[in-house]
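Just below is one structure, and these are the notes that go with it.
The values are calculated or read from the model by the stated rules, or taken from the named source; none is laboratory data. This structure is a prediction, so every number in the text was calculated from the model and none was measured. When the accessible area is computed, the model is the full protein with side chains, heavy atoms only, and any ligands, DNA or RNA have been set aside. Shrake-Rupley method; radii C 1.70, N 1.55, O 1.52, S 1.80 Å.
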Amino acid sequence: MRKNLLKCFYFALFGNIAFILFAIVCFIYYYAFGSIGVVVKSIEATAYAFEGTGFILNLVSAVYFFRTVRARMSMKVGYCVYIIAELIMMILELNSYQISFYKPYSLPLAIIHSLFSAVICFSFLLLEPKRTCLEVMVTIAVGIMFFGMMGNIFGIRIYFSILTNAVAYVVLFASVIFFIKQERIEIDCYGDKARVAKYKSTFFEE
């Protein structure tokens, strides 16, 4: 099951790289044409392509998580919710000129988005509780996510928070892949023999 376990994180890794590319396209789009309100269909189509690719890859990753990783239901469900939430945010970001209630420069929105993302990221500590290397990388990823709130202070739209979230998950998933290959973390998978602690009493031994 180790190959399937690695697939979980490889699909998630490449899915978040696609989200990074989406955010970069948004940056180019709004920097070049945002002030004049011009809609460039080719750039918009490119952004949707990266968004769709990222969503599909992350969705495949989520399926592998459910089929491969034993237990850790809160982590698996949480990441699925995160993927859907990011998809909605991206759709709103690309169509903000048509949606009056969406405020891409809203500080409360940026804070809520970062906090929500950080909570989901913390759930990946369940992969291997009390493993220092994983704790360090999760903490770094959460720190990157909180940095996403700074975009609002500098007058950048919410896509900056989407970008920092994707960067954080790329860092985290790349690290997890490395830790698995180096056997520094051990994740229970379906089909593996469950790890059972054995205890032996020496009370009656002479």
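Summary of values
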read-out	value
Lysine pairs meeting the criterion (Cα under 17 Å, 8 or more apart or interchain), as found in the chain	4
Residue-normalised accessible area of the range 45-198, given per residue in Å² at a 1.4 Å probe	49 Å²
Contour excess over end-to-end distance, with Cα ends at Thr139 and Phe116 and 0.36 nm allotted per residue	6.8 nm
5 Å-binned pair-distance histogram of the range 68-192 (Cα, whole percent)	2, 11, 19, 21, 17, 12, 8, 6, 3, 1, 0
Acute angle (nearest 10 degrees) that the helix 159-181 long axis makes with the longest principal axis of the chain, alpha-carbon atoms	20 degrees
Helical contribution to [θ] at 222 nm, DSSP H n ≥ 4, -39,500 (n - 2.57), averaged over the chain, rounded to 500	-23500 deg cm²/dmol
Apportionment of accessible area to carbon and sulfur, the chain, percent (1.4 Å)	69 percent
